[in-house]
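Visitor: The structure follows.
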Amino acid sequence: IRHLLSGADLDADTATQILDTAAEMATVAGREVKKLPALRGRTVVNLFYEDSTRTRISFEAAAKRLSADVINFSAKGSSVTKGESLKDTALTLQAMGADAVVVRHPASGAPHRLANWVDGSVVNAGDGTHEHPTQALLDAYTMRSRLGRLAGLHVAIVGDVLHSRVARSNVLLLSTLGAKVTLVGPPTLIPVDWAARAGVAPPVTVPPGGDTGPPALSRPDTDVCYDLDAVLPGVDVVMMLRVQRERMNDSYFPSAREYTRRYGLDGPRMRRLPEHAVVMHPGPMNRGMEITPEVADSPRSTIVEQVANGVSVRMAVLYLLLGGNNR
Ligand code: CP
């Protein structure tokens, strides 16, 4: 593949190749010499129009460990504030010799547009409420390393699914790799047509001024449930999502206390999980809202591992897209 824009770009073989390559890359971190020469002479641009800690830093670390030159571009402090368009910004970066552009943008679909304008590879590092495919890859990698497999796993993705690009990419990738996904959350935060596809009629209508989220990702084995307590005893993985208050109005989310009571993962709820099950969160967390510190910092939590695995997975993505030294 030339670009990584969506979880749907990956068939099972390609996704597995990325995960296997990431496992090889992970051994680099434990070596005395932490750098590989694979992308020497190549330039990776991190083009971030939205804030990020984990994704931006891990792409930078990944590119540097592969010996690429890295240019970090943040919209704040650039000519974007003078009104320069995404296209003109992209063409400027291309003129500076970008072999790959890693882009985060508040507009869903921005990386797809960018891929039409630049010659190099484009990697979607999160676009609006749409997708975040490298997050899904690092999540899959983490599940596989903790639980030994992906096929047959039952994964509950819990919370603000409506605004979650992480959920969308995970639904696509996990079902490609043979896992079963159940989406859990309040009816106002589950895309209406996802619920309809799963045969679960939303008991409420869309909030006034609200949206229904992007069109459903057609995955027949994705369930929807509004009752977290009913789902927990039967899952291998529970992935908590950040409540994205910045993307919603109060009609989606009338009461933080009520949300936490019904959908927050605390100690007693965690103990309803099977013994082997793990707890994930892509970060950043709202500690005390969707997850308590007791759970986030427990041995079942993979949250710190997910961050570490993100570097290896992004090394693998850059390596495979840019073809090492052979391109
Ligand atoms: N999970 C994730 O994308 O985190 P950042 O927003 O910090 O990159």
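Visitor: Straight-line reach only, C-alpha to C-alpha below 16 angstrom: list the lysines that Lys35 could link to, leaving out same-chain residues fewer than 8 apart.
Guide: Lys64
Visitor: May I pose another question? Using Cα positions and a limit of under 20 Å, work out the aspartates and glutamates in reach of Lys76, with same-chain residues fewer than 8 apart set aside.
Guide: Within the straight-line cut-off, Lys76 pairs with Glu50, Asp51, Glu60, Glu84, Asp88, Asp127, Glu246.
Visitor: So how do Tyr141, Tyr259 line up by other beta-carbon neighbours within 10 Å, fewest first?
Guide: Tyr259, Tyr141
Visitor: While we're on this one: Work out, in µm²/s and without decimals, the Stokes-Einstein translational diffusion coefficient of the chain at 25 °C, 0.890 mPa s, Rh from Kirkwood over C-alpha pairs.
Guide: Diffusion coefficient, whole number: 122 µm²/s.
Visitor: Something else: Which of Met25, Met285, Met143 moves the most in a Gaussian network model of the chain with Cα springs under 10 Å?
Guide: Met285
Visitor: Below 8 Å, C-alpha to C-alpha, sequence gap of six or more: please give me the relative contact order for region 133-303 in percent. Could the numbers behind the result be given before it?
Guide: Numbers: 312 pairs, mean separation 39.7, N = 171.
About 23 percent, as a whole number.
Visitor: To make sure I understand, if each residue's beta carbon is the centre and we count other beta carbons within 10 Å, what order do Trp194, Trp117 fall in, fewest to most? Walk me through the numbers before you get to the answer.
Guide: Details: Trp194 27, Trp117 15.
Least crowded to most crowded, the residues run Trp117, Trp194.
Visitor: What residues qualify as long-range amide H neighbours of Ser301, i.e. H under 5 Å apart, gap of 5 or more or another chain, H built at 1.01 Å from N?
Guide: Val279
Visitor: Quick check on region 28-159: take the gyration tensor over C-alpha atoms, sort the square-rooted eigenvalues as a ≥ b ≥ c, and tell me if it's rounded (a/c under 1.5), prolate or oblate.
Guide: Because a/c hits 1.5 or more and a/b fails to exceed b/c, region 28-159 counts as oblate.
Visitor: Compute the whole-percent fraction of alpha carbon pairs in region 133-303 spaced more than 19 Å apart.
Guide: Across region 133-303, Cα pairs with separations above 19 Å total 51 percent.
Visitor: Less than 14 Å Cβ to Cβ from Phe73, Lys/Arg counted +1 and Asp/Glu -1: what total charge do the surrounding residues give?
Guide: Residues close to Phe73 contribute a combined charge of -3.
Visitor: With a cap of 11 neighbouring Cβ atoms within 10 Å, and only residues DSSP puts in a loop, list the trypsin sites (Lys or Arg not before Pro) found in region 51-144.
Guide: Taking region 51-144 and a limit of 11 other Cβ atoms within 10 Å, the loop trypsin sites (Lys or Arg not before Pro) found are Lys76.
Visitor: Using the Kirkwood radius over Cα pairs, work out the Stokes-Einstein diffusion coefficient for region 235-327 at 20 °C and 1.002 mPa s, in µm²/s as a whole number. Write out the running numbers ahead of the final one.
Guide: Values: Rh = 15.2 Å.
Translational D for this selection: 141 µm²/s.
Visitor: Can you work out ³J(HN,Hα) from phi for every residue in region 222-239, in order, using Karplus 6.51 cos²θ - 1.76 cosθ + 1.60 and θ = phi - 60°, giving whole Hz and x for Gly and Pro?
Guide: So the Karplus estimates, Gly and Pro as x, are 9, 9, 10, 9, 9, 10, 4, 4, 6, 7, 3, x, x, 10, 9, 9, 10, 10 Hz.
Visitor: For a quick check: with amide H placed at 1.01 Å from N, whose amide H comes under 5 Å from Leu183's, ignoring anything fewer than 5 positions away on the same chain?
Guide: Answer set, sorted by chain and number: Ile157, Asp223, Val224, Cys225.
A short reminder: the numbers here are calculations on the coordinates, not readings from a lab. No experiment lies behind these values; they were computed from the predicted model shown. Neighbour counts run over all protein chains shown; Cβ positions are idealised from the backbone, glycine included.
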